[in-house]
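The values are calculated or read from the model by the stated rules, or taken from the named source; none is laboratory data. As the structure is a prediction and not an experimental result, all values here were calculated from the model. Ideal geometry is used to build each Cβ from the backbone, glycine not excepted, and the neighbour counts take in all protein chains shown.
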């Protein structure tokens, strides 16, 4: 080891307090290196930063320590007396697939770095190292490891308590929703889920069903918005042969399929008034008739409805039945948009990285610190669905274990056109300024897509219906813009 590296590290004062009397640890670090001088220097540096440090002088001892307790980060020398550091790394991966490992060696080459990273190392540092750079890498690795472990523990706890296999969240709004779901699930009451598109309404509906006494019966989802109005009633209630021109055979409806189970009516605000009246009758009498039929059919179905529009406003406008609204709104659960629970974003990112790495049969991808920052700060108009699509895209396009900012779409990474500065003295309100910014972003994307709304929605990673709703709310005149008018 060079005199420069030794002098750099030994200028750091040793923390005198024994390990078990230190304040809350910044993280637990294992150092595996055969040189006592290096172990002591690293231990001094890391303890001064508040880390709990354990040392091992060879590969076998290091593996023993890992088997005894959990570590946030392992600092592993490539050249060890009893076994090669790459072999130690391979065994660590067998013991703990997600363990963060930083390789440290005096024999660092590009080839060694590539081999280590391909084998699952978190990072690669060459001796003599820069203290600040090493500490920054350790901090990043510890943060990533804690997020992954927190995600695993949270998913395990939620699965045990709520059977929420695919719902990730630790924020206060989500924890309140989890508690509410646990309370309402055992009842027979109708539930109305409200929230923007992509907030996970169907996942919550499934969680309610799986935690109810109906869990062994069918959960039947119906997307009212994507089903043509003339087919929706036939889909829900079934029909008899000859009820209409194409009814060549009789067919059961989804109310019958969901008997003694749960029927999830998504985008219920898109239903026609006539269909709404028939849904109301099922809620009141638990009876309906096939289209074209004369015989009443009795069913026991729990209805969970969902909407991304303001049903109260629709009632006021005469577009939604007031009596049906109050029948549906027995228990209301409002799902927050992702921008209101940003602390869940790192957990969601880890969840989707694991999911799409596994689905695409690739080594587990990790998110680089510089890429996580814009993901947390972005406004996510498409909510969790947009985040999921973004991470899936990054995993598919990645050729390295770390996903960097270059794999994020331009509008998320902050590349390309920025929103022009607004005059703070113009008297505009906050919401007015936000709407103006949103309008400019949407118009800019539509112009890039030659005013093709479907393409623009795909590039925004949001459903077409969401984009169209925003276009309508923001009063963007598509026809006028297409013709080149201002």
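Figures for the structure shown
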item	result
For residue 226: the one exception among (1) part of a loop (DSSP other than H, G, I, E, B); (2) without any contact (Cβ under 8 Å) to a residue 40 or more places away in the chain; (3) more than 23 Å from residue 177 (Cβ to Cβ)	(2)
Residue among 182, 157 that is modelled with pLDDT under 90 and more than 30 Å from residue 311 (Cα to Cα)	157
Which listed residue, of 169, 261, is surrounded by 14 or more Cβ atoms within 10 Å (Cβ to Cβ) and modelled with pLDDT of 85 or more	261
Candidate set: segment 57-79, residues that are over 34 Å from the mean Cα position of the chain (by Cα) and crowded, with 22+ Cβ neighbours inside 10 Å; chosen: the one farthest from residue 115 (Cα to Cα)	62
Unmet requirement for residue 30, which otherwise passes all of (1) outside any helix (DSSP H, G or I); (2) surrounded by fewer than 19 Cβ atoms within 10 Å (Cβ to Cβ); (3) modelled with pLDDT of 90 or more	(2)
Checking residue 231 against (1) in a loop (DSSP other than H, G, I, E, B); (2) surrounded by fewer than 17 Cβ atoms within 10 Å (Cβ to Cβ), the condition it does not meet	(1)
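Condition check ((1) touching a helix residue (DSSP H, G or I) at 6+ places or on another chain (Cβ under 8 Å); (2) in a strand (DSSP E or B); (3) surrounded by fewer than 21 Cβ atoms within 10 Å (Cβ to Cβ)) across all residues:
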| site | (1), (2), (3) |
| --- | --- |
| 294 | no, no, yes |
| 305 | yes, yes, no |
| 309 | yes, no, yes |
| 346 | yes, no, no |
| 350 | yes, no, no |
| 361 | no, no, yes |
